1. Would you tally the net charge around PRO44, using a Cβ to Cβ cut-off of less than 15 Å, leaving PRO44 out, and scoring K and R as +1, D and E as -1?
2. Rounded to the nearest whole Å³, what is the per residue volume of the convex hull around the Cα atoms of the stretch 50-96?
3. If packing is taken as the average count of other Cβ atoms within 10 Å, what order do 117-123, 63-69, 45-51, 91-97 fall into, highest mean first?
4. Can you tell me which of 70-77, 98-105 comes out highest on packing, and rank the rest after it, using the mean Cβ neighbours within 10 Å?
Amino acid sequence: MPIRLALSAAALTMFLAPTAASAQVAVENLSMSNNYRLLQVSLPTPSISPADFKAQTQAIQSCGDARKLARNLDARLTRSTYVGTTNVPRHLLPVLAETPTGRATPVLVDNSNGLHVLVVCSRA
């Protein structure tokens with residue numbers, strides 16, 4: 001079953017817009033020096049079940065895998081480079097910190113906008 005995060009379309013947009021203004025966030029035990037290069041794979045109107053989407057996204061081992069999966073699923077692919085931790089919604093910081101490079105986050109469910117995963121391509 002996918003993780004249900006209270007994730008609005010606005011939060012995803014803010015998260016994926018590196019130029020968006022956001023408040024400084026201080027979170028203990030997380031490095032604030034990380035910049036992420038991310039891919040977001042989104043199925044706005046899921047054509048597969050959340051369980052199948054989860055299984056397929058858990059198999060991602062690189063950003064190349066994420067691009068191939070997005071093509072195969074006819075999913076939307078959004079690229080974001082140099083996304084600083086201060087531009088990431090606070091509730092996603094631990095998720096990104098725990099996601100290994102080349103791998104996808106757990107499935108993020110937004111009731112109005114379908115299924116999403118973020119793939120950490122690199123950290124700087």
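Please treat every number below as a calculation from the coordinates, not as lab data. From a predicted model like this one, the values you see are computed outputs, not experimental measurements. We place every Cβ from the backbone using ideal geometry, glycine too, and count neighbours over all the protein chains shown.
1. Charge balance near PRO44 sits at -1.
2. Taking only Cα atoms, the stretch 50-96 has a hull volume of 108 Å³ per residue.
3. 117-123, 63-69, 91-97, 45-51
4. By packing density, highest mean first, the sequence is 98-105, 70-77.
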